[in-house]
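Novice: Could you have a look at this structure, given as structure tokens, before my questions?
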Amino acid sequence: GSAFTFKAAAPGGFWCQRCTLNSMLLELLQDASGAVHPGLSSFVAALSAVESPVTATQWLRRGRARDLLVAIARGEMDLSHQALDEVAGDIRGRANAVEHLRQLLVSCGALPARDEYLSRLERTITALLEQVHPDDAKVLRRFARFQVLASARGRIDRGGASAAVSDGAAQKFRVACRFMAWLRARGIDRMDIPQSAIDQWLDEHNMAV
């Protein structure tokens, strides 16, 4: 291209924007041996070939995605969906940056594709389990695994809309958590719930709706 930029690391020379981008990628994404992290090689190849190297360079300089990529390259963070899930939301505005980086890593094959709505459901369930009584969590965890998640995966596999299925499953699990808390607050044994208690719960729930 005809666009050139001065490269401070190369005194007296002018580098094209693509050369600047490639240099930045190699500098940022080296592992301890000085080579590009093998898991990020496809990402480097894809980003270095983008139509607008200026835009890619500016994106790398913004901070959030760059910091995550550097952490992955140095072995300080796993190259995985779970690792990205754990850092999303740690810093204000980071969630969007993480999701954009995730999409780029998936598109170049550095990460496997996954159903993001189903993954969001799993994170919602995990967060809700952290809020309930430990004894209730044991029961709710089995309910989530063998009924809520299994049913949602099955419906999605059969062609159900991921967003609607996941949202419905999340609501189902929230109700289960509220029901368990309601029983505990009234001293009702979850292994021996009288019909009168179920009727009362349904009446109160209907009134709330």
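The values are calculated or read from the model by the stated rules, or taken from the named source; none is laboratory data. Computed from a predicted structure; not experimentally measured. Backbone-built Cβ (ideal geometry, glycine too); neighbour counts: all protein chains shown. Only protein heavy atoms, including side chains, enter the accessible area calculation; ligands, DNA and RNA are left aside. Shrake-Rupley method; radii C 1.70, N 1.55, O 1.52, S 1.80 Å.
Novice: Looking at the range 107-131, I want the residues that are part of a helix (DSSP H, G or I) and have a partner that is among the charged types (D, E, K, R) with Cβ atoms under 7 Å, at least 6 apart or on another chain. Which pairs are those?
Specialist: Cβ pairs passing all conditions: L118/R153; R123/D85; L128/R174; L129/R141.
Novice: Return the pairs, sorted by first residue and then second, in which the second residue is not in a helix (DSSP H, G or I), the first residue lies in the range 141-166 and is open to solvent by less than 60 Å² (accessible area, probe 1.4 Å), the beta carbons are less than 7 Å apart, and the residues are 6+ apart or on different chains.
Specialist: Short answer, once both residue conditions are applied: I156/D115; S162/D115.
Every residue, every condition in (1) farther than 30 Å from R61 by Cβ; (2) modelled with pLDDT of 85 or more; (3) not hydroxyl-bearing (S, T, Y), yes or no:
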| residue | (1), (2), (3) |
| --- | --- |
| S107 | no, yes, no |
| E116 | no, no, yes |
| L121 | yes, yes, yes |
| I125 | yes, yes, yes |
| E130 | yes, yes, yes |
| P134 | yes, yes, yes |
| R155 | yes, yes, yes |
| G160 | yes, no, yes |
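Novice: Within the range 171-209, can you find the residues that are in a loop (DSSP other than H, G, I, E, B) and surrounded by 12 or more Cβ atoms within 10 Å (Cβ to Cβ)?
Specialist: Of everything in the range 171-209, those that are in a loop (DSSP other than H, G, I, E, B) and surrounded by 12 or more Cβ atoms within 10 Å (Cβ to Cβ) turn out to be I188, R190, I193.
Novice: So, in the range 38-73, exactly how many residues are outside any helix (DSSP H, G or I) and of a type outside the set (V, I, T)?
Specialist: 5
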